[in-house]
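Note sheet for the following structure.
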Amino acid sequence: MDFEYSDEERMVQELARRLARDKIAPRAAEIDAREEFPHDLVQLLAAHGLFGLVVPEALGGSGAGVIAFLLAVEEIARACAATATIHAGQYLGMYPILLAGSEEQQQRLLPPLARGERLAAFALTEPEAGSDVVALRTTARRDGDVYILTGAKQFITSGDVAGVLTVFVVTDPAQGNRGLSAFVVEQGTPGFRVARVEKKMGIRGSTTAALEFQECRVPVANRLGEEGQGFRIAMQVLDRARPSVAAIAVGIAQAALDHSLEYARTRKQFGQPIANFQAIQFMLADMAMEIHLARLSYLYAGHLIRSGATRYTLPAAVAKCYASEVAMRAATNAVQIFGGYGYSREYPVERLMRDAKITQIYEGTSEIQRIVIANQLLKGQA
Ligand SMILES: Cc1cc2nc3c(=O)[nH]c(=O)nc-3n(C[C@H](O)[C@H](O)[C@H](O)COP(=O)(O)OP(=O)(O)OC[C@H]3O[C@@H](n4cnc5c(N)ncnc54)[C@H](O)[C@@H]3O)c2cc1C
């Protein structure tokens with residue numbers, strides 16, 4: 001495995017690190033406290049080309065590639081997991097078009113998304129269909145050259161602010177997972193509305209919306225792939241996107257370690273810095289070990305994608321599951337190292353603990369990742 005970064009990947013990492021440190025980190029606590037969608041930071045990321053990293057130049061991106069994207073996600077999450085969720089959510093929304101869109105659809109839809117002029121969302125989850133994707137109830141009925149969508153989506157990242165949504169629906173209820181199809185729905189399409197924006201525990205600057213489709217007429221030209229390919233497209237997208245959730249988790253864990261190191265060196269008890277106590281040192285050492293391995297796990301999945309591998313379901317699920325658990329442990333231990341101050345909103349580590357939790361839930365819970373991993377093992381795909 002070659003972990004040497006290209007000059008472009010290194011440049012993107014350094015750019016993201018600088019923007020995260022100078023512009024994003026100073027806004028993170030405020031965004032969280034006000035539950036404010038950071039339009040300014042979206043513009044900042046757009047202005048620096050950070051929404052087009054996996055999109056070819058001919059379609060408005062930079063083609064810097066998946067490793068550059070993952071490194072950027074980690075840097076942004078180290079400063080603000082909500083902003084990283086918006087950033088990675090853009091790619092989650094674009095991937096169905098990139099992986100399954102026709103040339104016409106890609107040319108029509110991707111350039112403004114890659115430039116960050118419009119936001120994208122990925123709408124799979126429904127009130128009655130979370131982990132069990134095949135239980136989707138939103139339907140699409142064909143009527144000439146349109147499909148009529150009816151149903152509801154739940155928990156859609158950027159669903160209220162996105163101009164372009166990739167929506168997964170049932171076209172043939174008798175066919176199970178072969179009866180799902182994917183469509184692009186543009187904001188403003190009659191019959192589509194944002195029903196609610198959730199109040200959340202963490203990543204409060206990232207909006208999460210409940211959506212409704214009532215006799216929403218979508219042109220046949222907006223169907224991605226063929227009827228019946230929706231499940232396959234959704235699974236391919238999740239395989240591609242899960243390493244970016246791992247990168248968000250690593251960014252949060254790294255922030256927990258950064259804050260813990262600084263605090264342990266300066267906080268004194270029993271006449272000495274708490275960093276002198278082995279109990280604290282071991283927590284710091286465990287965080288560092290786990291972060292190192294979690295980072296390698298998302299880079300490994302990214303490396304497989306970059307090198308054109310067709311199968312990376314298992315490494316993507318391993319990276320997502322492991323890194324999200326590392327983030328949760330690191331953030332919880334950071335609160336422990338800060339003692340009572342860790343529990344106070346005056347310090348950043350309580351936010352990290354709230355933000356870390358979502359990485360174990362979205363894009364498939366840790367339980368679902370273990371099911372995916374076990375299925376791959378049992379199919380001999382290790
Ligand atoms: C902030 C946020 C952002 C999100 N963004 C998006 C988005 O952009 N697009 C999108 O489509 N969705 C999104 N989601 C939805 C997310 O992917 C789902 O919440 C998640 O997949 C779990 O589904 P659920 O909430 O319905 O939980 P359920 O599926 O009801 O699960 C409840 C519990 O049961 C467990 N469980 C379920 N089935 C099994 C099983 N077979 N074996 C063992 N345990 C099981 C789960 O692991 C979980 O612990 C988002 C969610 C949140 C909270």
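Scanning the range 273-291 for any residue that is open to solvent by 50 Å² or more (accessible area, probe 1.4 Å), out of contact with any Lys or Arg (no Cβ under 7 Å at 6 or more places or on another chain) and closer than 23 Å to R370 by Cβ turns up at least one such residue. Annotation note: of G163, G176, the sole residue that is of a type in the set (G, A, S) and closer than 29 Å to A58 by Cα is G163. Annotation: of all residues in the range 97-119 being assigned to a loop (DSSP other than H, G, I, E, B) and open to solvent by less than 40 Å² (accessible area, probe 1.4 Å), the one that is nearest to G63 (Cα to Cα) is G116.
What do you reckon, is A162 within 19 Å of Q236 (Cα to Cα), in contact with a helix residue (DSSP H, G or I) (Cβ under 7 Å, 6 or more places away or on another chain), among the small types (G, A, S) and surrounded by 22 or more Cβ atoms within 10 Å (Cβ to Cβ)? For A162, the condition - within 19 Å of Q236 (Cα to Cα), in contact with a helix residue (DSSP H, G or I) (Cβ under 7 Å, 6 or more places away or on another chain), among the small types (G, A, S) and surrounded by 22 or more Cβ atoms within 10 Å (Cβ to Cβ) - is not met.
Search the range 292-310 for residues being under 14 Å from R242 (Cβ atoms) and touching a residue at least 40 places away in the same chain (Cβ under 8 Å), and hand back the single one that is most open to solvent (accessible area, probe 1.4 Å). Restricting to residues being under 14 Å from R242 (Cβ atoms) and touching a residue at least 40 places away in the same chain (Cβ under 8 Å), the top hit is Y300. Just one residue in the set A285, A316 is in contact (Cβ under 8 Å) with a residue 12 or more places away in the chain, of a type outside the set (S, T, Y), assigned by TED's automatic domain parsing to the domain that holds V335 and in a helix (DSSP H, G or I); that residue is A316.
Of all residues in the range 132-149, none are surrounded by fewer than 20 Cβ atoms within 10 Å (Cβ to Cβ), closer than 29 Å to V250 by Cα and either away from the ligand (no atom under 16 Å from the Cβ) or small (G, A, S) (or both). Against the conditions (1) within 20 Å of M94 (Cβ to Cβ); (2) open to solvent by 30 Å² or more (accessible area, probe 1.4 Å); (3) not small (G, A, S), V197 satisfies every one except (1). If you go through the range 326-382 and keep only what is in contact with a Gly (Cβ under 7 Å, 6 or more places away or on another chain) and more than 16 Å from the ligand (Cβ to nearest atom), you end up with A334, V335, Q336, V349, E350.
One line per residue, one yes/no per condition, for (1) of a type outside the set (F, W, Y); (2) buried (at least 20 other Cβ atoms within 10 Å of the Cβ); (3) touching a helix residue (DSSP H, G or I) at 6+ places or on another chain (Cβ under 8 Å):
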{"residue": "V326", "(1), (2), (3)": "yes, yes, yes"}
{"residue": "R329", "(1), (2), (3)": "yes, no, yes"}
{"residue": "G339", "(1), (2), (3)": "yes, no, no"}
{"residue": "G342", "(1), (2), (3)": "yes, yes, yes"}
{"residue": "E346", "(1), (2), (3)": "yes, no, no"}
{"residue": "V349", "(1), (2), (3)": "yes, yes, yes"}
{"residue": "D355", "(1), (2), (3)": "yes, yes, yes"}
{"residue": "Q360", "(1), (2), (3)": "yes, yes, yes"}
{"residue": "E367", "(1), (2), (3)": "yes, no, no"}
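In the range 253-273, the residues that are of a type in the set (D, E, K, R) reach residues that are part of a helix (DSSP H, G or I) with C-beta atoms within less than 6 angstrom, at least six apart or across chains, in these pairs: R265/A275; R267/I274. In this entry, I86 is excluded by the filter for residues that are of a type outside the set (F, W, Y), within 12 Å of the ligand (Cβ to nearest atom), closer than 30 Å to A16 by Cα and not in a helix (DSSP H, G or I).
The values are calculated or read from the model by the stated rules, or taken from the named source; none is laboratory data. Keep in mind that what you see is a predicted model, and the values were worked out from it rather than measured. Every residue, glycine as well, gets a Cβ built from its backbone with ideal geometry; the counts of neighbours run over all protein chains shown. Accessible surface areas use protein heavy atoms only, side chains included; no ligands, DNA or RNA. Shrake-Rupley method; radii C 1.70, N 1.55, O 1.52, S 1.80 Å.
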